[in-house]
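For reference, the structure is listed below as structure tokens.
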Amino acid sequence: MKRFIPLICVLSCSTTELSASWQLDRLRLLAVRAEVDAEPDPVLGTRAEPRPGETVVFSSLKYVPDDVTLDGTIWLACIPEDAFGFGCELDEEAIEQAFDSLDDDSSYQDFMEALEAARNAGLIGLEPDWEPAWTIPSNALDTLSEAEAKEGVNAFINITLSTGGETDPENAELAFKRMPVSDATSPNHNPDITDFVVAGVALDGAIGFNARQGQVYTIEPVLADGHVETYQFINGQGETEWRTEEPFFTWFTETGGTKRENRASFDNPESLYPYSSVEWTAPSTSGEILLHTVVRDRRGGMGWRSLRVNVL
């Protein structure tokens, strides 16, 4: 576990210069999904909005280039009283103390005690050794009225990817996610992409398709039935309204070339349901290209699906 301690300092370090939003050409954290650890709804799927006392498990969509080694991923979580504008305030000293005494000879009990101390300091995951999960404090909504508790609060999740290890801790990708915690009558669920339609033909679950160099392809994601939710919303006048989600998609692609005129590209890196399709231009070089699309429902729910395109 000591190999992770130097990663803690990356939370105060700057990240590398950003490329265009859709380009997969450097270490990226593209999306983070929260799922309440409970039986999924048969229509709506997994719940993204927990209640106090429930456990949430997290997954993420990462892009790691072939020439990059990911050393680890740090996950932190907090309720708003301990949050600032960009997420959670880290008790670095407490986490360092929790793991400082661990070595190869430490017992399982030693490890569990260190984990418990780190959890109390806000650490909820340390990949690849510890998958991220968080039990929401049972008193998370205690200071709110019944009406306010239905609207809830935003918890903050901080995620840090590092390739620096002990030698270069500034090599990091930082991100944060807001997650609603509430007693809502209609809590949010995650949208799921079940398939793609490429050039008018459904892939029927295939992981990719063949493309010709320089050709333009229309790609449309397919959302699971029932995953565009209608939900209750309390407006500024305290009145209850019924609203329907307006999901949108964010697209990412490897470029497949170094020169701008030879790269893969989108006509638009975002699309809005139900007009969800984009036009993707294949690069002017052959090889395998990775594409991702991420769907967000604007209420904290998230899903994604990937394609591997064989450019001929």
| field | Index of the failed condition, G236 passing every other in (1) of a type in the set (G, A, S); (2) touching a helix residue (DSSP H, G or I) at 6+ places or on another chain (Cβ under 7 Å); (3) free of Cβ contacts under 8 Å to residues at least 12 places away in the same chain | value | (2)
| message | Considering only residues that are hydroxyl-bearing (S, T, Y) and crowded, with 19+ Cβ neighbours inside 10 Å, which ones fall in segment 290-312? | response | T293
| note | Checked segment 100-123 for anything at pLDDT 80 or above and hydroxyl-bearing (S, T, Y); matches are S106, S107, Y108
| query | Does T73 satisfy being hydroxyl-bearing (S, T, Y), at pLDDT 80 or above, under 20 Å from the mean Cα position of the chain (by Cα) and farther than 23 Å from R296 by Cα? | reply | no
| message | Only one of L174, L161, L144 is at pLDDT 90 or above, more than 29 Å from G226 (Cα to Cα) and within 18 Å of the chain's Cα centre (by Cα). Can you tell me which? | response | L161
| message | Restricting to segment 259-286, count the residues that are charged (D, E, K, R), closer than 21 Å to R26 by Cβ and in a loop (DSSP other than H, G, I, E, B). | response | 2
| task | Could you grab me the full set of residues in segment 285-294 that are out of contact with any Ser or Thr (no Cβ under 8 Å at 6 or more places or on another chain) and either among the charged types (D, E, K, R) or touching a residue at least 40 places away in the same chain (Cβ under 8 Å) (or both)? | result | T285, S286, E288
| field | Residue in segment 49-70 that is nearest to the chain's Cα centre (by Cα), counting only those that are of a type in the set (G, A, S) and within 13 Å of W134 (Cα to Cα) | value | S59
| message | Give me the residue from segment 220-238 that is part of a strand (DSSP E or B) and under 22 Å from the mean Cα position of the chain (by Cα) and, out of that set, farthest from F266 (Cα to Cα). | response | L223
| Hey, G256 among the small types (G, A, S) and closer than 27 Å to A48 by Cα or not | no
| Which residue, of G303, G256, is in a loop (DSSP other than H, G, I, E, B), of a type outside the set (K, R) and touching a strand residue (DSSP E or B) at 6+ places or on another chain (Cβ under 6 Å)? | G256
| message | Could you go through segment 126-139 and let me know if any residue there is of a type outside the set (S, T, N, Q), at pLDDT below 90 and not in a loop (DSSP other than H, G, I, E, B). | response | yes
| task | Kindly indicate whether R305 is of a type in the set (D, E, K, R), over 26 Å from N154 (Cβ atoms) and touching a Gly at 6+ places or on another chain (Cβ under 7 Å). | result | no
| task | Filter segment 203-219 for residues that are surrounded by 13 or more Cβ atoms within 10 Å (Cβ to Cβ) and part of a strand (DSSP E or B) and give the result. | result | G208, F209, A211, V216, Y217, T218, I219
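The values are calculated or read from the model by the stated rules, or taken from the named source; none is laboratory data. Computed from a predicted structure; not experimentally measured. Cβ atoms come from the backbone with ideal geometry, glycine included; neighbour counts cover every protein chain shown.
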